[in-house]
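Beneath this line is the structure, given in structure tokens, with notes to follow.
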There are 2 protein chains.
Amino acid sequence: MSSDDRVYFFDSTLRDGAQSQGVDFTVADKRTLAEALDKLGVDYIEGGWPGANPTDDAFFQAPPRLENARMIAFGMTRRAGRSPENDPGMAALLNSRADGVCIVGKTWDFHVDLALGIDRQEYVDIIADSVAHAAGRAGEAMFDAEHFFDGYKANPDYALQCVEAAYNAGARWVVLCDTNGGTLPDEIERIVGEVSARIPGTRLGIHCHDDTGNAVANSLAAVRAGARQVQGTLNGLGERCGNANLISVIATLALKTDYPVGISRDQLKQLTHVSRLLDERLNRQPARNTPYVGESAFAHKGGLHVSAVEKDPRTYEHIEPELVGNRRHIVVSDQSGRSNILARFREIGIDLDGDDPQLATLVERVKAREFEGYAYDGAEASFELMARRALGQVPEYFGLSRFRVMDDRRWNARGELVTESEATVTCEVAGRDVMTVANGNGPVNALDLALRKALIEVYPQLEDMDLVDYKVRILTPQAGTGAVTRVMIESADSQGRHWTTVGVSTNIIDASFNALHDGITWKLYREGAQAAKDG
Amino acid sequence: MSSDDRVYFFDSTLRDGAQSQGVDFTVADKRTLAEALDKLGVDYIEGGWPGANPTDDAFFQAPPRLENARMIAFGMTRRAGRSPENDPGMAALLNSRADGVCIVGKTWDFHVDLALGIDRQEYVDIIADSVAHAAGRAGEAMFDAEHFFDGYKANPDYALQCVEAAYNAGARWVVLCDTNGGTLPDEIERIVGEVSARIPGTRLGIHCHDDTGNAVANSLAAVRAGARQVQGTLNGLGERCGNANLISVIATLALKTDYPVGISRDQLKQLTHVSRLLDERLNRQPARNTPYVGESAFAHKGGLHVSAVEKDPRTYEHIEPELVGNRRHIVVSDQSGRSNILARFREIGIDLDGDDPQLATLVERVKAREFEGYAYDGAEASFELMARRALGQVPEYFGLSRFRVMDDRRWNARGELVTESEATVTCEVAGRDVMTVANGNGPVNALDLALRKALIEVYPQLEDMDLVDYKVRILTPQAGTGAVTRVMIESADSQGRHWTTVGVSTNIIDASFNALHDGITWKLYREGAQAAKDG
């Protein structure tokens, strides 16, 4: 492979990704993500669209300092009837503090006729002088050929005329976009091949959407046909079905092909972190089944698979999970054989012999708990406590005698409807009955505060622990009995530890208490606390 | 295209899909899904693995009656050292009441050496006589060539020897599996092409996993190279990153290629329903961004896109959503221009003129609500109520004067820790103050029951309404203020209507009350109820 084969990565999470349903980045989100993408080693980061909304304006007024990547601002060709110099959109674009610009223009005659309603030849001129103006003013100008593949299929001459106008006007990259996402890999490969006879592949980019589930394959097909810039988004964020998942594209090109890329082996290990960071900023549960970086991407559930993986991971893993910063995961479930559960125990540091008589009890306990609705998949801390309790390793740090939680919504003296939550807890700690009361921001918060108040004197390390996430799910009753509520609570401390615990009950407050109880117990156990004795 | 080009669809949701983390089908789930797959028109339904677990045994004792599809049972080649006649696994397989069987065997020398530890040639014989035995006893026998692509890359002669043994022994189909999911589309196309020189394409199947995000593209590549059976699962269910999403494969082949398939245009319209049915049985939120059938697959958020789609949907849609039973969706969001909001209103039957002075107020209200944390994306009923309230169309059916909810956990006389929830509600209905109290299965349930008790006399239609789902999410505070809780409640009535409402507050009980309030109001409004007047 020659230097002409170097593939450049262009991340559009902050611009095209922001078009997704339910996504609303703050300026702080954008800065954090741009810095992470820069560290990862992508070549271009498209930060947004200056002039389109206040968030993007604020972002481009003080863009983050990047070490590797170029920051790109996105905008449109000039309007018909204006010169590029007098177009307010282009002015906003060129006045931003970006390192380069990406100008989007149409290449499908149908769109020029219908959406713009202007003469087709006039629009080719608009592309040419918009790109020429930008190329003369910005560090680097590229052209996004919107709907290129649909346009090429409808009218190849016109579509080519549009992209050649951009190329001749000085666009560093002409990016062929499958905007509606309906093109299939073999079509992409054929059409990119045909275009590269007119514009060198080293100047061609590809931008795919996942409407047929082929966005990653389409991107790879374009690279095979000669394109050397790939656009995509983290986790395939983007409107409708999303953009090409840049993480899958990066991992595949870096690990499974010989194309030179700008991301080192060390940087590749950040892929899992960067993927989860995006979900964290969006406050979403990461999709477990995401290629390469999902929590289940290297999970093994079937008993036969697990024993083979224990012998040699290559039996059921296409790459080593560590290469992308991910890890192997042995799933505990109703289908689990003993080998799964043993492997899972080893993972958390419990070494049990296959013949150990305690093993059968533990397997039974896991199955009984899962039958009740406990899900240990995402609640490692509760799983560990369950196992260690069965082995008699976890002290009972405190006992609950009673709690009472009250929520009251009423009109106050100022004529406002207000709600107050108050919890009373009676605990047995260090041989004494302690009764505390607290007001909270909701019943679970009140309960949490009252419980800590009761414990903090004896266990001061609980000062350093916060509830950071709380999730509730109703489990559909299978047998017509009452519905069961499952609560997952994530806690964190100042040492950067995060742990998740689970509680199950027909009553949400009960389930929450159970999860809180495990959360506190895990912190104390992990720090080697002893159960406090009588006074 | 000739009849040799007919592509057969093989669904493995109930067998390979059941390997996913967090999936545990009941017998009733399997029956319901098999019936839906049969109606959809797939050619084969793999129901499970007889002898592997009690669920699959029970399913195959009384498999559902199918109209089109063949029911397939999955099993393994005989063990070394046993004849096929005396192998208990093969007996369980062949005694099941399936229409055919699929026998999995190894084709990668590394697995034969490591996992089986037997002579390679001996294993070829095992494949041959297992398949021959099954072909003689079952209606149809096929062979799943596990790890075929990894095996072929490592030792093509041995991999071919294995599949040719199965073919010569009478396998109707030889299914080439990319078990570890690491093979790329161009490799699949080349290797399937090479195999089809030895075994006719009309006897070759393909089974892909999504570990690089290319499972759908790999399946299509195999069809291009000659394979005529495609295996996959609904929504790409399956271990690790999942199997090929059969829904995307079906829609793509049926709508975008000329290969004849056994699914009619009318049956194709069931794709969205079948996809959601699976998630319903698994009690999962359907992934919005799923190709073809996701709720966002035809969603339009950006203002420019929305106005173009309003002119002609082909501008931003690769197919008509109705072809797969899906629908267009105009998203209301912070980024929304007026055209989005107007289109969204039209969708729910509110016709407002673009110049209407009420429009600006409504747009402001939507934005203010979203800023507070309301998400109308998934809560259509609350969106409609918000809009109609702003237009003065929704009566206030009742007013809340006060509620109080109490949860009490304590030891009862029998020495058990029990929890009780009790809610007291004071409402103004029909000009009177009504005070009610109820016990519930948790605080929200108690509140719901007390509220209905207060209203049911005046609004008897509320008898026909149930809370069917309840979801809670904590919104990460952006500015360090208190966290906000968002509750979504799904209600249903006997007329098959489902509606979702949303409530937001710093207090979970408050947020739940707000969502309940909207849920009840929507039911009353939708049935044309008038606000009850004094006495």
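The values are calculated or read from the model by the stated rules, or taken from the named source; none is laboratory data. The shown structure was predicted, so the numbers you read here are calculated from the model rather than taken from an experiment. Heads up, the Cβs are rebuilt from the backbone with ideal geometry, glycines too, and the neighbour counts pull from every protein chain shown.
Out of B:240, B:172, report the one residue that is touching a residue at least 12 places away in the same chain (Cβ under 8 Å) and within 18 Å of residue B:127 (Cα to Cα). Let's see the steps before the verdict.
Values: B:240 fails: within 18 Å of residue B:127 (Cα to Cα).
Going through B:240, B:172 in turn, just one is touching a residue at least 12 places away in the same chain (Cβ under 8 Å) and within 18 Å of residue B:127 (Cα to Cα): B:172.
Of the numbered conditions (1) modelled with pLDDT under 95; (2) more than 14 Å from every other protein chain (Cβ to nearest Cβ); (3) assigned to a helix (DSSP H, G or I), residue B:89 satisfies every one except a single condition; which is it?
Residue B:89 satisfies all of (1) modelled with pLDDT under 95; (2) more than 14 Å from every other protein chain (Cβ to nearest Cβ); (3) assigned to a helix (DSSP H, G or I) except (2).
Sort out for me the helices (runs of 4 or more DSSP H) sitting completely within segment A:133-243 that have 1 or more residues that are within 14 Å of chain B (Cβ to nearest Cβ).
Where helices (runs of 4 or more DSSP H) fall fully within segment A:133-243 and carry at least 1 residues being within 14 Å of chain B (Cβ to nearest Cβ), they are A:148-154, A:185-195, A:215-224.
Within segment B:243-274, can you find the residues that are at pLDDT 95 or above and in contact with a Pro (Cβ under 9 Å, 6 or more places away or on another chain)?
B:245, B:247, B:248, B:251, B:252
Looking at (1) facing chain B (nearest Cβ under 9 Å); (2) modelled with pLDDT of 95 or more, which is the only condition residue A:324 fails?
(1)
Residue A:242 versus (1) over 15 Å from residue B:294 (Cβ atoms); (2) crowded, with 24+ Cβ neighbours inside 10 Å; (3) among the small types (Gly, Ala, Ser): which is the lone unmet condition?
(1)
Which of the residues that make up segment A:440-453 are within 11 Å of another protein chain (Cβ to nearest Cβ) and either surrounded by fewer than 23 Cβ atoms within 10 Å (Cβ to Cβ) or of a type in the set (S, T, N, Q) (or both)? Break it down into steps so the answer makes sense when it comes.
So the first thing to find is which residues in segment A:440-453 are within 11 Å of another protein chain (Cβ to nearest Cβ), and the list is A:440-447.
The answer is A:440, A:441, A:445.
Run down A:281, A:328 and say which single residue is in contact with a Ser or Thr (Cβ under 9 Å, 6 or more places away or on another chain), basic (Lys, Arg) and under 28 Å from residue B:284 (Cα atoms).
Details: A:328 fails: in contact with a Ser or Thr (Cβ under 9 Å, 6 or more places away or on another chain).
Exactly one residue qualifies, and that residue is A:281.
Kindly establish whether residue A:82 is modelled with pLDDT of 95 or more, surrounded by fewer than 24 Cβ atoms within 10 Å (Cβ to Cβ) and more than 24 Å from residue B:316 (Cβ to Cβ).
Values: modelled with pLDDT of 95 or more: no; surrounded by fewer than 24 Cβ atoms within 10 Å (Cβ to Cβ): yes; more than 24 Å from residue B:316 (Cβ to Cβ): yes.
Criteria not met by residue A:82.
Pairs, please: C-beta under 8 Å, at least 6 apart or cross-chain, first residue more than 9 Å from chain A (Cβ to nearest Cβ) and in segment B:401-426, second among the hydroxyl-bearing types (Ser, Thr, Tyr)?
Correct list of pairs: B:424/B:436; B:425/B:436.
Among the residues that make up segment B:278-287, is at least one of them within 7 Å of chain A (Cβ to nearest Cβ), farther than 20 Å from residue B:207 by Cβ and part of a loop (DSSP other than H, G, I, E, B)? Explain how you work it out, then say what you get.
Going through segment B:278-287, the residues within 7 Å of chain A (Cβ to nearest Cβ) turn out to be B:283.
Remaining after also requiring farther than 20 Å from residue B:207 by Cβ: B:283.
Checking which are part of a loop (DSSP other than H, G, I, E, B) leaves us with B:283.
Yes, that holds for at least one residue.
Restricting attention to segment B:407-428, which residues are surrounded by fewer than 18 Cβ atoms within 10 Å (Cβ to Cβ), part of a strand (DSSP E or B) and of a type in the set (A, V, I, L, M)?
Matches in segment B:407-428: B:417, B:418.
Which residue out of B:13, B:77 is touching a helix residue (DSSP H, G or I) at 6+ places or on another chain (Cβ under 6 Å), at pLDDT 95 or above and closer than 30 Å to residue B:265 by Cβ?
Numbers: B:77 fails: closer than 30 Å to residue B:265 by Cβ.
Among B:13, B:77, only B:13 is touching a helix residue (DSSP H, G or I) at 6+ places or on another chain (Cβ under 6 Å), at pLDDT 95 or above and closer than 30 Å to residue B:265 by Cβ.
Residues that are farther than 23 Å from residue A:367 by Cβ and touching an Asp or Glu at 6+ places or on another chain (Cβ under 7 Å): does segment B:54-63 have at least one?
no
With respect to residue B:490, is the statement that it is more than 12 Å from chain A (Cβ to nearest Cβ), surrounded by fewer than 22 Cβ atoms within 10 Å (Cβ to Cβ) and farther than 26 Å from residue A:400 by Cβ true? I'd like the intermediate steps shown before the answer.
Details: more than 12 Å from chain A (Cβ to nearest Cβ): no; surrounded by fewer than 22 Cβ atoms within 10 Å (Cβ to Cβ): yes; farther than 26 Å from residue A:400 by Cβ: yes.
Against the criterion (more than 12 Å from chain A (Cβ to nearest Cβ), surrounded by fewer than 22 Cβ atoms within 10 Å (Cβ to Cβ) and farther than 26 Å from residue A:400 by Cβ), residue B:490 does not qualify.
On the given criteria, is residue A:270 more than 24 Å from residue A:329 (Cβ to Cβ) and either more than 10 Å from every other protein chain (Cβ to nearest Cβ) or surrounded by 24 or more Cβ atoms within 10 Å (Cβ to Cβ) (or both)?
Details: more than 24 Å from residue A:329 (Cβ to Cβ): no; either more than 10 Å from every other protein chain (Cβ to nearest Cβ) or surrounded by 24 or more Cβ atoms within 10 Å (Cβ to Cβ) (or both): yes.
So residue A:270 does not fit the description; no.
Give me the residue from segment B:40-66 that is modelled with pLDDT of 95 or more, over 23 Å from residue B:23 (Cα atoms) and not small (Gly, Ala, Ser) and, out of that set, surrounded by the fewest Cβ atoms within 10 Å (Cβ to Cβ).
B:66
For segment B:515-533, give me the residue count where each residue is within 29 Å of the chain's Cα centre (by Cα) and without any contact (Cβ under 8 Å) to a residue 40 or more places away in the chain.
1
Quick check on this structure: which one of A:146, A:67, A:122 is touching a strand residue (DSSP E or B) at 6+ places or on another chain (Cβ under 8 Å) and of a type in the set (D, E, K, R)? Quick ask: steps written out before the conclusion?
Values: A:67 fails: touching a strand residue (DSSP E or B) at 6+ places or on another chain (Cβ under 8 Å); A:122 fails: touching a strand residue (DSSP E or B) at 6+ places or on another chain (Cβ under 8 Å).
One residue alone meets the criteria, A:146.
Restricting to segment A:128-181, name every residue that is over 22 Å from residue A:80 (Cα atoms), aliphatic (A, V, I, L, M) and either surrounded by fewer than 23 Cβ atoms within 10 Å (Cβ to Cβ) or modelled with pLDDT under 95 (or both).
Within segment A:128-181, just A:154 meets the criteria.
Does any residue of segment B:28-37 turn out to be without any contact (Cβ under 8 Å) to a residue 40 or more places away in the chain, touching a strand residue (DSSP E or B) at 6+ places or on another chain (Cβ under 8 Å) and of a type outside the set (Lys, Arg)? Don't jump to the end; show me each part of the working.
First, pick out the residues of segment B:28-37 that are without any contact (Cβ under 8 Å) to a residue 40 or more places away in the chain: B:28, B:30-31, B:34-35.
Checking which are touching a strand residue (DSSP E or B) at 6+ places or on another chain (Cβ under 8 Å) leaves us with B:30, B:34.
Okay, now just the ones that are also of a type outside the set (Lys, Arg), so B:34.
Looking for residues that are without any contact (Cβ under 8 Å) to a residue 40 or more places away in the chain, touching a strand residue (DSSP E or B) at 6+ places or on another chain (Cβ under 8 Å) and of a type outside the set (Lys, Arg), one finds at least one in segment B:28-37, hence yes.
Mind checking which residues of segment B:92-132 are part of a loop (DSSP other than H, G, I, E, B) and farther than 24 Å from residue A:308 by Cα? Steps first, please.
Taking segment B:92-132 as the starting set, the residues that turn out to be part of a loop (DSSP other than H, G, I, E, B) are B:96-99, B:107-108, B:117-119.
Hits for segment B:92-132 are B:96, B:97, B:98, B:99.
Within segment B:510-525, count every residue that is in contact with a Phe, Trp or Tyr (Cβ under 8 Å, 6 or more places away or on another chain) and either at the interface with chain A (Cβ under 9 Å from one of its Cβ atoms) or among the charged types (D, E, K, R) (or both).
The qualifying residues number 2.
Got a number for residues in segment A:16-72 being of a type in the set (Asp, Glu), within 10 Å of chain B (Cβ to nearest Cβ) and not in a loop (DSSP other than H, G, I, E, B)?
Adding up the residues that qualify gives 1.
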